[in-house]
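The values are calculated or read from the model by the stated rules, or taken from the named source; none is laboratory data. Note that the structure is predicted; figures quoted are calculated from it, not measured. Every residue, glycine as well, gets a Cβ built from its backbone with ideal geometry; the counts of neighbours run over all protein chains shown.
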Amino acid sequence: MAIMMPASDQAVLARRAEIVAALRAIVPGEGVIDSAAEMRAYESDGLTAYRQPPMVVVLPDTTEQVSLVLKYCAGQGIKVVPRGSGTSLSGGALPLEDGVLLGLGKFKRIREIDFDNRVVVTEPGVTNLAISQAVAHAGFYYAPDPSSQIACSIGGNVAENSGGVHCLKYGMTTNNVLGCEIVLMSGEILRIGGKGCENPGYDLMGVITGSEGLLGVITEITVRILQKPETARALMVGFAQVEAAGECVARIIGAGIIPGGMEMMDKPAIHAAEAFVHAGYPLDVEALLIIELDGPKIEVDELITRVEAIANGCGSTTCQISTSEAERNLFWAGRKAAFPAVGRISPDYLCMDGTIPRGALPKALARIRDLSEKYQLGCANVFHAGDGNLHPLILYDANKPGEIERAEAFGADILRACVEFGGVLTGEHGVGIEKRDLMPEMFSEIDLNQQQRIKCAFDAQGLLNPGKVFPTLHRCAELGRMHVHAGKLAFPDIPRF
Amino acid sequence: MDTLRVRDAKDLEEVVRAAIANEQPLEIIGHGTKRGIGHAMATNAVLDVSALSAVTSYEPNELIVTLQAGAPLADVLSMIDSKNQQFAFEPMNTAPLLGTPALGTIGGMIAAGLAGPRRIKAGGARDHLLGAHAVSGFGDSFKTGGKVVKNVTGYDLCKLLAGSWGTLAVMTEVTLKVMPKPEAERTLLLRGLDDAAANKAMTAALGSPFDVSAAAHLPKSAFRATTEGLGDTAGKGEALTVLRLEGITASAAHRAGSLRELLAPFGTATLVEDAASSALWATIRDVLPFAASGALGAWPVWRIVCPPASGAALGTQLARETGGELIYDWGGGLIWAALPPKDDAHAPAMRLRAGAVGGHAMLIRAAEDVRQSVDVFHPQAPGIAALSERVRAGFDPKTILNRGRLMRSPAA
């Protein structure tokens, strides 16, 4: 494992049998898993390059059990790693050797559907897609749609602040969650927010969303649901240069049009996808845009015309417009299958997730090409072009000595470039362990200390999911100490009125 | 009263550091337009950030604007309007309600986090703050977030800063999302509905596929005849229920037609377009019927947030118990209540009734002596209050920033 995790607590490991017995007293029956064979299913998440079996797996099915497990672990100084469906692409649910893996998979019930208030109250183990399915009969859906939506849990979505193709128009998880029940590491159960638009006091829900399982364990979530748009149509537009495609994206936004989704693929990604799903993608273009417009039919038809004109003005070489749901789905099929398609042309790939300002797209692509040359590794690019979120897929072969290291160095350089161009390290996959050690590229020690003080407010012992997000761990007492700044004791010389 | 008018972020950091060293709490102000909201602060030193007023960058094609915290909101709004863009959360102008002269600053807009009618569709200030630079109560300049919409790098401290009323950190620069202004707006207007029927009509509209961007109800009132912005819709204070559709012209008009059919059981809706529609929604956003200069100017005003479908039942009960006047926004999820003057501004009833439906009530306008005797902000459950205090102390352990603004001092 290339990344250092917190040192295992040997005293805890020595007491494993006693800890397992104590957890069995809280979660009876099959809810505690301690056999090496059965625990193997939990040794990794979606970032499969890293594996570590946990000390023990606990699968509670009530909030009270979660509370008792956490209270016990806090009292005994035992680390806990929460896990939803285990689809994290950044290693957020990677277990610790001396830690309890707390799985929320048994929290599978939707507790309430309230159409009048346009909310669903759900347990965290329910999948993202299941929420949409549960309200589809009334024309509603839950807007954020990460690619893993058939498998990923809504609890994990909140932990990671998941995005998806449609978040350009409909926002990320944080813009669609109203409240939660959360259990702190101490075992304390808190309820935050509810069916109203806003919560009183500091926006705790806002800081919990995207906190990657470091602040608490969520046991219930209230999400808002929307009416499905009347219709959706897509354009598939090819360009001879990547720059022209980038310009097209900028002009669409500049014209005041916010598409439901706006995706870009570069030539290697187009070829891989076409070979896999035969969506009819043009193979002689350098960049392909899939632009989806949704809303009332009259609006979609009008905007399709406007977007087509903009694309023509940017020198598009091909432009197809979907005339049926089947055709629209076909346009998307290649994009949605881009990751497995790339998996067919390369034994292994690393998926990166930086975000850049939209205008920096051509610059970023040129940099990626240079880096590809430097590291002698291929790279296929798919982007959420509308919001500047890049997913370069770095192709490598883990069986060839040195390739994984080169791929990781390539990926790190791409993320550094994202920050250099005014962007950020991760747009939707999270920091986890994958980008943890790159955090200083974006944040100073002061910035990171301020973030860690929030951690201290929720989990002063630092027992919940340690080793994720932050490259350096500080004790809370140290973070809370005031520094005397340069001995300046008087107000400086500034105008007073 | 000592006012320190800082020239730049460096000055600001030094003032905060000096204040920490001297254990001297600071009241943070921009234009000071919202000083009347919250409790009187336990300090006689004012930190004025209004000179940090620059536009750092405005990139219309990136849909972002980066501003110093003291930038005047009025100037910023006209700048982005010139590119046909807006803050989609429709920040409220508190000046008419509070009787202050100006619109205030960007920093004040974020720190107060008061969103307008489009809150139900586009989110609040919290949803549009992408990044911030700020000075904490440790005297440290830190940044959080970034300049892109899609970002999950580290904890989202922007969410905490929005609506923190200056009690966590002093923002120096912020990056905000801007959105294209809709090409057209259409408002459907129903007359004469009681609160319960209006709530049902709003629920039907917001549960429809017609993408309603605002839904409000002005109950029958003897005090509204002279309210500006209502134009000939003001009538004689009869009840008005209004629903807004925005987008490209053909779409807004089409959806207005479809929605009118859907709402036929509630009466025949009339149509208000573009400028008249904008004026109507500005009136609701800024709560002009309760303006400080109007007939109800001396009445305390509450801002209640609740589950939208509970709005009418809650509001009707409150009006009956207090003799107050109401305005419903957010499809019933936001109630403005102006209540006849009373020593405690009817706080026990407001808190009890709002809390009972899972809502919360804030006393946004009241005389200072009233604010000394009741909690302005809705009291929180003990566990949440304790966690919030730990979060606050993680930014400002010596309570240097806006000490006492959110909570009454125990002595009071």
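Evaluated against (1) touching a helix residue (DSSP H, G or I) at 6+ places or on another chain (Cβ under 9 Å); (2) surrounded by fewer than 20 Cβ atoms within 10 Å (Cβ to Cβ), A:ARG109 falls short on exactly one condition, (1). Of note, B:LEU280 satisfies the criterion of being farther than 17 Å from B:ARG365 by Cβ, away from every other protein chain (no Cβ under 14 Å) and in contact (Cβ under 8 Å) with a residue 40 or more places away in the chain. Only one entry in B:GLY331, B:GLY323, B:GLY358, B:GLY315 is away from chain A (no Cβ under 11 Å) and on the phi > 0 side of the Ramachandran plot, namely B:GLY323. Residue selection: A:GLY164 satisfies the criterion of being on the phi > 0 side of the Ramachandran plot and modelled with pLDDT under 95. Residues in segment A:218-245 that are within 11 Å of chain B (Cβ to nearest Cβ) and not aliphatic (A, V, I, L, M): A:THR222, A:ARG224, A:GLN227, A:LYS228, A:PRO229, A:GLU230, A:THR231.
Restricting to segment A:20-41, and then to whatever is touching a strand residue (DSSP E or B) at 6+ places or on another chain (Cβ under 6 Å) and in a helix (DSSP H, G or I), can you tell me which residue is farthest from A:LEU70 (Cα to Cα)?
We begin by selecting, within segment A:20-41, every residue touching a strand residue (DSSP E or B) at 6+ places or on another chain (Cβ under 6 Å); these are A:20, A:23-24, A:27, A:32-34, A:39.
Then drop every residue that is not in a helix (DSSP H, G or I), which leaves A:20, A:23-24, A:39.
Working: A:VAL20: 14, A:LEU23: 10, A:ARG24: 13, A:MET39: 20 Å.
Here the residue is A:MET39.
Tell me which residues, restricted to segment A:278-309, are in a helix (DSSP H, G or I), buried (at least 23 other Cβ atoms within 10 Å of the Cβ) and not charged (D, E, K, R).
As a first pass, look at segment A:278-309 and keep what is in a helix (DSSP H, G or I): A:297-309.
Imposing the further condition that a residue be buried (at least 23 other Cβ atoms within 10 Å of the Cβ) reduces the set to A:299, A:303, A:307.
Of everything in segment A:278-309, those that are in a helix (DSSP H, G or I), buried (at least 23 other Cβ atoms within 10 Å of the Cβ) and not charged (D, E, K, R) turn out to be A:LEU303, A:VAL307.
Note on segment A:137-149: residues that are more than 16 Å from the chain's Cα centre (by Cα) and touching a residue at least 12 places away in the same chain (Cβ under 8 Å) total 5.
Meeting the requirement of 2 or more residues that are within 14 Å of chain A (Cβ to nearest Cβ), the helices (runs of 4 or more DSSP H) wholly within segment B:1-108 are B:9-21, B:73-81. Name the single residue, out of those in segment A:84-129 being away from chain B (no Cβ under 14 Å), of a type in the set (D, E, K, R) and part of a loop (DSSP other than H, G, I, E, B), that is nearest to A:ALA412 (Cα to Cα). In this case the residue turns out to be A:GLU97.
The requirement of being among the basic types (Lys, Arg), within 14 Å of another protein chain (Cβ to nearest Cβ) and under 20 Å from A:GLU247 (Cα atoms) is fulfilled somewhere in segment A:300-317, by at least one residue. Restricting segment B:381-401 to residues that are within 7 Å of chain A (Cβ to nearest Cβ) and of a type in the set (Val, Ile, Thr) leaves a set whose member that is surrounded by the fewest Cβ atoms within 10 Å (Cβ to Cβ) is B:ILE384. Being surrounded by fewer than 24 Cβ atoms within 10 Å (Cβ to Cβ), free of Cβ contacts under 8 Å to residues at least 40 places away in the same chain and closer than 25 Å to A:LEU479 by Cβ is a description that does not apply to B:GLY131. Among the residues here, B:PRO341 does not qualify as surrounded by fewer than 21 Cβ atoms within 10 Å (Cβ to Cβ), at the interface with chain A (Cβ under 10 Å from one of its Cβ atoms) and part of a loop (DSSP other than H, G, I, E, B). For segment B:78-110, the set of residues classified as free of Cβ contacts under 8 Å to residues at least 24 places away in the same chain and under 26 Å from B:THR167 (Cβ atoms) is empty. The set of residues in segment B:166-205 that are within 15 Å of A:ASN117 (Cα to Cα) and in contact with a Phe, Trp or Tyr (Cβ under 9 Å, 6 or more places away or on another chain) comprises B:ALA198, B:ASN199, B:LYS200, B:ALA201, B:MET202, B:THR203, B:ALA204.
Can you find a residue that is buried (at least 24 other Cβ atoms within 10 Å of the Cβ), facing another protein chain (nearest Cβ under 8 Å) and more than 30 Å from A:ALA279 (Cα to Cα) anywhere in segment A:152-170? Yes: segment A:152-170 contains one or more residues that are buried (at least 24 other Cβ atoms within 10 Å of the Cβ), facing another protein chain (nearest Cβ under 8 Å) and more than 30 Å from A:ALA279 (Cα to Cα).
I need the full set of residues from segment B:109-118 which are farther than 30 Å from A:PRO471 by Cβ and either in a helix (DSSP H, G or I) or charged (D, E, K, R) (or both), in order please.
Of the residues in segment B:109-118, the ones farther than 30 Å from A:PRO471 by Cβ are B:109, B:111-118.
Within segment B:109-118, B:MET109, B:ALA111, B:ALA112, B:ARG118 meet the criteria.
Of all the listed residues (B:LEU129, B:LEU168, B:LEU176, B:LEU157), the sole one being under 30 Å from A:GLU420 (Cα atoms) and either among the hydroxyl-bearing types (Ser, Thr, Tyr) or more than 14 Å from every other protein chain (Cβ to nearest Cβ) (or both) is B:LEU176.
Only a single item in (1) basic (Lys, Arg); (2) surrounded by fewer than 20 Cβ atoms within 10 Å (Cβ to Cβ); (3) within 14 Å of chain A (Cβ to nearest Cβ) is not met by B:ARG303, and it is number (2).
Within segment B:350-389, the set of residues being farther than 25 Å from B:ALA309 by Cβ and of a type in the set (Lys, Arg) comprises B:ARG365, B:ARG371. Of all residues in segment A:378-419, those satisfying the criterion of being under 27 Å from A:GLY254 (Cβ atoms) and either among the hydroxyl-bearing types (Ser, Thr, Tyr) or in a helix (DSSP H, G or I) (or both) are A:ALA385, A:GLY386, A:ASP387, A:ILE414, A:ALA417, A:CYS418, A:VAL419.
Residue-wise test of (1) of a type in the set (D, E, K, R); (2) facing chain B (nearest Cβ under 10 Å).
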residue: A:LEU395; (1), (2): no, no
residue: A:ARG406; (1), (2): yes, no
residue: A:VAL424; (1), (2): no, yes
residue: A:GLU428; (1), (2): yes, yes
residue: A:GLU434; (1), (2): yes, no
residue: A:ASP447; (1), (2): yes, yes
residue: A:GLN451; (1), (2): no, yes
residue: A:CYS456; (1), (2): no, yes
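From the list B:ALA40, B:ALA19, B:ALA54, B:ALA45, which one is farther than 30 Å from B:ALA337 by Cα and touching a helix residue (DSSP H, G or I) at 6+ places or on another chain (Cβ under 8 Å)? Write out each step before concluding.
Numbers: B:ALA40 fails: farther than 30 Å from B:ALA337 by Cα; B:ALA19 fails: touching a helix residue (DSSP H, G or I) at 6+ places or on another chain (Cβ under 8 Å); B:ALA54 fails: touching a helix residue (DSSP H, G or I) at 6+ places or on another chain (Cβ under 8 Å).
That would be B:ALA45, the only listed residue that is farther than 30 Å from B:ALA337 by Cα and touching a helix residue (DSSP H, G or I) at 6+ places or on another chain (Cβ under 8 Å).
Mind checking which strands (runs of 3 or more DSSP E) fall wholly inside segment A:160-277 and carry at least 2 residues that are touching a residue at least 60 places away in the same chain (Cβ under 8 Å)? I'd like the intermediate steps shown before the answer.
Numbers: elements: A:177-183, A:189-193, A:217-224, A:231-239, A:261-266.
Hits in segment A:160-277: A:177-183, A:217-224, A:231-239, A:261-266.
Is segment A:245-267 home to any residue that is basic (Lys, Arg) and within 26 Å of the chain's Cα centre (by Cα)?
Restricting attention to segment A:245-267, the residues satisfying the condition of being basic (Lys, Arg) are A:251, A:267.
Still in the list and also within 26 Å of the chain's Cα centre (by Cα): A:267.
Taking every residue of segment A:245-267 in turn, at least one turns out to be basic (Lys, Arg) and within 26 Å of the chain's Cα centre (by Cα).
Contact annotation: residue pairs with Cβ atoms under 8 Å, 6 or more positions apart or on different chains, pairing a residue in segment B:365-393 that is assigned to a loop (DSSP other than H, G, I, E, B) with a partner that is polar (S, T, N, Q), are B:GLN380/B:SER388. One residue stands out in segment A:334-380 among those that are under 22 Å from the mean Cα position of the chain (by Cα) and surrounded by fewer than 17 Cβ atoms within 10 Å (Cβ to Cβ): the one that is nearest to A:ASP145 (Cα to Cα), namely A:PRO340. Within segment B:241-260, the set of residues being among the β-branched types (Val, Ile, Thr) and part of a helix (DSSP H, G or I) comprises just one member, B:THR249.
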